[in-house]
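Working notes for the structure below.
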């Protein structure tokens, strides 16, 4: 009875997600030919049709990819594969830590392998068809290999550290495991800009010294000390554009995609970076870390409580019970329970984006620079200009771009 209820709840979550995506497609189909006033003169009917087709193609393929993932999940958890897999790992008679590493690494490897055909079609099918893909097959393979090696090493360290703490402190591991993951995550944020990211992209100094000087001046005005300003060779893989801050402490760096430098003028680049600086000034990253770590602490404690009994493994027919199977089942259940929180966190991040937009306008005094940069990026990236309000409220981490541009262009004295 309980297992049936879990299955029904899981299917309900899946169906709600599909319903929202279907509503989004219908909304786009109905309004996709309308040019918003904010984009008048920037986007024409042909480009709008291409934008609509890009969103429709991605979403429809996403339906197929997610259906495949959900089917595998159902077969693995409810089709008797998990008990067999659990017995297989335990039959190798390795230590607690080694068995746990094998349990999760092999599963992760299988998921990665099964996702390759979908990644290939997305990159060389959809992205290629709409003119975004620039990656060569050779570079794609190199990225996959390097990504697999890096992720395997990182996951192995995380698993080894966490499982060792569980082994040495079986009656109170939840807090020590949380502390370990917290400090390991901060450590990765510190070393990633200089150790991991350069494995995939080439970072060089910005070619324009005047632009770099203006960027540094803007950051000093905001109160942020930036160690370096880099240009990243994003055009080797895609024509999509972006810019971001990376690192923590004294390792903060600004990274500009070379595609962004080509598409935006100087005032627009400064406006985009002022927005990113707004996230730092408003402590959005810190707030996000605190919130996520509080949730992680609660999750560790709940995992500690539930793994003390064999209730979960008995429920799914896993014998003999193993700590690894219990954690896997808990992860599955957390996904169901946390689904209603998706729009809550999305609303929070949208609030942060609005605050960063307002900060950028305030610090630069150039609302049109930020608005025009968003219009250009949305146009060049074929962003959906007509998302369904419910879909956007549930999933969007940023306000819909039309709403965002409209808000930025409001006179500051006019109430929003």
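Values in this text are rule-based calculations from the coordinates and carry no lab data. The model shown is predicted, which means the values in this text are computed figures rather than measured ones. Cβ atoms come from the backbone with ideal geometry, glycine included; neighbour counts cover every protein chain shown.
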Burial ranking of peptide ranges 42-52, 361-371 (average Cβ count within 10 Å, highest at the top) = 361-371, 42-52
Obtain the radius of gyration and the Kirkwood radius of region 1-100 from its C-alpha atoms and give Rg over Rh.
-> 1.26
Any chance you could give the angle, 0 to 90 degrees and rounded to 10, that helix 45-78 forms with the longest Cα principal axis of the chain?
-> 10
Cα centroid of region 330-352 to Cα centroid of region 18-44, whole Å = 26
Applying 1/(1 + (r/R0)^6) with R0 = 25 Å to the Cβ-Cβ distance of residue 186 and residue 287, what FRET efficiency is obtained, to the nearest 0.05?
-> 0.95
Compactness index (Cα Rg / 2.2 N^0.38 Å), the chain = 1.09
What do you get for Rg/Rh over region 277-359 if you use C-alpha atoms and the Kirkwood form of Rh?
-> 1.18
Apply the Debye scattering formula to region 174-214, with a single equal point scatterer on each alpha-carbon and no solvent, then give log10 I(q)/I(0) at q = 0.29 Å⁻¹.
-> -0.89
Of the convex hull enclosing the alpha-carbon atoms of region 304-416, the direction-averaged projected area in nm² is 10.8
First check a/c for region 362-416, with a ≥ b ≥ c the square roots of the eigenvalues of its C-alpha gyration tensor; if it is under 1.5, answer rounded, and if not, answer prolate when a/b is larger than b/c or oblate otherwise.
-> oblate
The residues 281, 202, sorted from fewest to most surrounding Cβ atoms within 10 Å, come out as 202, 281
Distance from a point 7 Å along Cα→Cβ of residue 144 to each backbone N in region 95-124: keep the residues under 15 Å and list them by number.
-> 109-124
Ranked list, fewest to most other Cβ atoms within 10 Å of each Cβ, for 337, 402, 168 | 168, 337, 402
May I ask you to compute the full-extension gain from residue 151 to residue 407, defined as 0.36 nm times their residue separation minus their alpha-carbon distance, rounded to one decimal in nm?
-> 88.2 nm
